[in-house]
Structure formats: C-alpha cells, structure tokens
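Novice: My questions will all concern the structure given below.
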Amino acid sequence: MSGDNSMFACHSELLQHLNSVTHRLPIRRTPHDNGDERRNWLIVGHGADDVRVLRPLQLSATTSKLIGVTERGESIVLIGFMGSGKSSAGALLEQLTGLPRRDTDELIASSAGMPITAIFDKYGEEEFRRRETQIVAALPNEASIIVTGGGVVLRDENIATLRRLGTIVNLTADEETLFQRVARRETRPLLRSDDPRRTLSELLGARTRLYTAAADFEIDTASLTRDEVAQAILSRLNSSNAYVR
C-alpha cells in the first residue's frame, strides 16, 4: 500500500471510530455490562461536561500509533514502596476476583532457584534489576493480578510493559508506617545497612515521584486493613478513573 493510501485508510478509520474528534483527548476505559458479556468501552472528553461514550475501540496498529493511544490489558498491576501492602492486597484480590496472581519477586526467585536476598548477595542489585526486567517482559498479556517489587519503576521499559498489561495502582503510606511494617521482616536486602531508617527515607524520596508518574491512581494504605485496601482498589476500578495513556 502506498503512503497516500495508508494515510487515507488511517483517516477513514479515525472518522469511523472517533467521529469528529480531531485532536488528542483524555481516553479512559470503563466496564460495561452487556448481558453476561463484560466489555470495555472508552470515554472521551475534556471533563464531566464534555464526555462521549464510544463503542469498544478496535484500531489498527498504524492508527493507534498515529493518534498516540496505547491499548491497555485487563490486569490489575500493583506498584509501590516496600511495606505498602502490595503482597497482601494482591493475595486478597486473587481470591476476590478469581484472577491468577503473578508476583514478580516470586517469579525471579523461582527462576533463579534462590531467594531475593541471595540474588542480591551473590550477584548485586544491577543483576537483580536485569532479571526483574526479563520477568516483567515475559508476563502474559492476560487478565491477572500483578504484584511488583518496589524497584520495578526504576526502569522505564518495565513501566511501559506494565501499562500495556493493565491498570497500574500505586499503594502508598507515610514513611513512619512503611518503616514500622518493613521492620517486622529481615528479608529486605536494600535495608541491610547501618541506618535502615535513613536508607528507607532516601529510597522513598528517590522513588515516590516515579510511582506517582507511573500510576493510574493511588490508594493510601496507612490506615486501611488488607480487606479495605482490596475493596478500595476494586471500587476505584469500577468507578472508571483509570486513563489510557
């Protein structure tokens, strides 16, 4: 197909799916029940006063690239600092939704045949990060609960992959709460220092903006039980506040 014909096809497809929308607008996914079939629809608009509901978006790869839309999968992706409650919330979400749970730290440890602390001790953090990126890249694009390690946001390619897989939820808590939680366990390799509290503070300061930038929305877990965290996540998802970016 010639360049002119290709552009014409893209233009026709845009007219068919977006009608008179000729510029980039915020696009978000919202669940819609159609009998027994659960489908994902898109909402397009600048705000509450300018919103249109469209049929499910099915654009070609060329058109998607042209308008800058990245289609999102159906997974719930949990990110956040150590001690934010990702593992416990992920386990409960698995029970509540019936979706399989995939914990990237567990997958890394399983593939290496050794615990995370041993990987850090033997190979160092950089090798752990390399393996983490490999595991994230290999996650199947099917609906699941994805629980990530605290440092997954350190590599842009990880976030790009996780965005394609689903909605990213950042679990947060204040520094004191996080420290109290992680102090209960001795399996945090990055906190094995002379001053764990200072180390935690420095890591949290360096990563907070990365979590915020990557997430579709955030849940503060400081004063919530595990059940409340899981329900808060599902409630936000059902209210359709996650945007395709």
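The values are calculated or read from the model by the stated rules, or taken from the named source; none is laboratory data. Note that the coordinates shown come from a computational prediction; the quantities given were computed from them, not determined experimentally. Positions of Cβ are backbone-derived with ideal geometry, glycine not excepted, and every protein chain shown enters the neighbour counts.
Novice: Please determine whether any residue of the range 103-114 is crowded, with 19+ Cβ neighbours inside 10 Å and among the β-branched types (Val, Ile, Thr).
Specialist: Yes, the range 103-114 has at least one match.
Novice: Being surrounded by 14 or more Cβ atoms within 10 Å (Cβ to Cβ) and either of a type outside the set (A, V, I, L, M, F, W, C) or not in a loop (DSSP other than H, G, I, E, B) (or both) is the filter; apply it to the range 44-61 and report the residue that is modelled with the lowest pLDDT. I'd like the intermediate steps shown before the answer.
Specialist: The initial filter retains those residues of the range 44-61 that are surrounded by 14 or more Cβ atoms within 10 Å (Cβ to Cβ), namely 44-45, 54, 57, 59.
In the following step, the residues that additionally are either of a type outside the set (A, V, I, L, M, F, W, C) or not in a loop (DSSP other than H, G, I, E, B) (or both) were identified as 44-45, 54.
On the way: Val44: 37, Gly45: 38, Leu54: 34.
Here the answer is Leu54.
Novice: Confirm whether Ala183 is in the same structural domain as Leu93 (by TED's automatic domain parsing), modelled with pLDDT under 95 and surrounded by fewer than 17 Cβ atoms within 10 Å (Cβ to Cβ). Spell out the reasoning first.
Specialist: Values: in the same structural domain as Leu93 (by TED's automatic domain parsing): yes; modelled with pLDDT under 95: yes; surrounded by fewer than 17 Cβ atoms within 10 Å (Cβ to Cβ): yes.
So Ala183 passes the test.
Novice: What pairs come out if I take residues in the range 195-215 that are of a type in the set (Ser, Thr, Tyr) and pair them with residues that are assigned to a helix (DSSP H, G or I) whose C-beta lies under 9 Å away, six or more apart or interchain?
Specialist: Filtered contacts from the range 195-215: Thr199/Leu190; Thr199/Leu191; Ser201/Glu175; Ser201/Phe179; Tyr211/Val153.
Novice: Every residue in the range 86-102 that is buried (at least 21 other Cβ atoms within 10 Å of the Cβ) and either in a strand (DSSP E or B) or at pLDDT below 95 (or both), please.
Specialist: Scanning the range 86-102 gives a single hit, Arg102.
Novice: Hey, another quick one. Failed condition for Thr212, given (1) over 25 Å from Ile233 (Cα atoms); (2) at pLDDT 95 or above, with all others met?
Specialist: Of (1) over 25 Å from Ile233 (Cα atoms); (2) at pLDDT 95 or above, only one is false for Thr212: (1).
Novice: Still on this model: Keeping to the range 167-181, report how many residues are in a helix (DSSP H, G or I), touching a helix residue (DSSP H, G or I) at 6+ places or on another chain (Cβ under 8 Å) and not aromatic (Phe, Trp, Tyr).
Specialist: From the range 167-181, those in a helix (DSSP H, G or I) are 175-181; that's our starting set.
Those left that are additionally touching a helix residue (DSSP H, G or I) at 6+ places or on another chain (Cβ under 8 Å): 175, 178-179.
With the extra rule that they be not aromatic (Phe, Trp, Tyr), the set shrinks to 175, 178.
Within the range 167-181, residues that are in a helix (DSSP H, G or I), touching a helix residue (DSSP H, G or I) at 6+ places or on another chain (Cβ under 8 Å) and not aromatic (Phe, Trp, Tyr) number 2.
Novice: State yes or no: is Glu125 loosely packed, with under 15 Cβ neighbours inside 10 Å and either within 11 Å of the chain's Cα centre (by Cα) or over 29 Å from Glu228 (Cβ atoms) (or both)? Spell out how you get there, then give the answer.
Specialist: Working: loosely packed, with under 15 Cβ neighbours inside 10 Å: yes; either within 11 Å of the chain's Cα centre (by Cα) or over 29 Å from Glu228 (Cβ atoms) (or both): yes.
The answer is yes for Glu125.
Novice: Anything in the range 150-166 that is in contact (Cβ under 8 Å) with a residue 60 or more places away in the chain and either among the hydrophobic types (A, V, I, L, M, F, W, C) or out of contact with any strand residue (DSSP E or B) (no Cβ under 6 Å at 6 or more places or on another chain) (or both)? List them, or say none. Working first, answer last.
Specialist: Of the range 150-166, the ones in contact (Cβ under 8 Å) with a residue 60 or more places away in the chain are 150, 152-153, 162-166.
Across the range 150-166, the qualifying residues are Gly150, Val152, Val153, Leu162, Arg163, Arg164, Leu165.
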